[in-house]
Amino acid sequence: MPINPTLISAGIGALSKVCNIVDQAVEDKDLKNQINAQLELARAEMYMKELDTTTVPWIDGLHKMGRQLLSFVIVIASAVILYFNPDVSPLALAVLAGPTGIYNYIKGQGR
């Protein structure tokens, strides 16, 4: 069964948080170093597992083009609606395009 890369990334982030907690909570330096070494090994193993994860190239490309495709579909849908029914109010078109526009605004340059 393939492992979800998102779960692996979340696991690596969780290990980083555990390292911070260990640094704050453990007083014994030897114990702290031992725990941190084990956590670093676990993080390295998870990272290697993430690198071994295979993906489907066309799905990756589709995901990367998601916002552009959403915008394209909204523009085409608005044009088709206006072509077949020119009496559509601008507010109705704004409701149609609003969620995609807001999503694109929030995502910005791909953060």
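We did not get these values from a lab; they are worked out from the coordinates using the rules stated. Given the structure is predicted, the values throughout are model-derived calculations rather than measurements. In this analysis, Cβ positions are derived from the backbone assuming ideal geometry, glycine residues included, and neighbour counts consider all displayed protein chains.
Odds and ends about this structure:
- Calculated FRET efficiency for the pair VAL56/SER78, C-beta based, R₀ 22 Å, to 0.05: 0.10
- Hypothetical label at VAL26: residues of the stretch 37-69 whose amide nitrogen lies under 11 Å (7 Å Cα-Cβ projection): 37-40
- Full extension of the chain segment joining ASN36 with VAL88 gains 12.5 nm, where the gain is 0.36 nm per residue of separation less the Cα-Cα distance.
- Sequence ranges 97-106, 52-61, ranked by mean other-Cβ count within 10 angstrom, highest first: 97-106, 52-61
- The overall shape of the stretch 60-107, judged from the alpha-carbon gyration tensor, is oblate: a/c is not under 1.5, and a/b is no greater than b/c.
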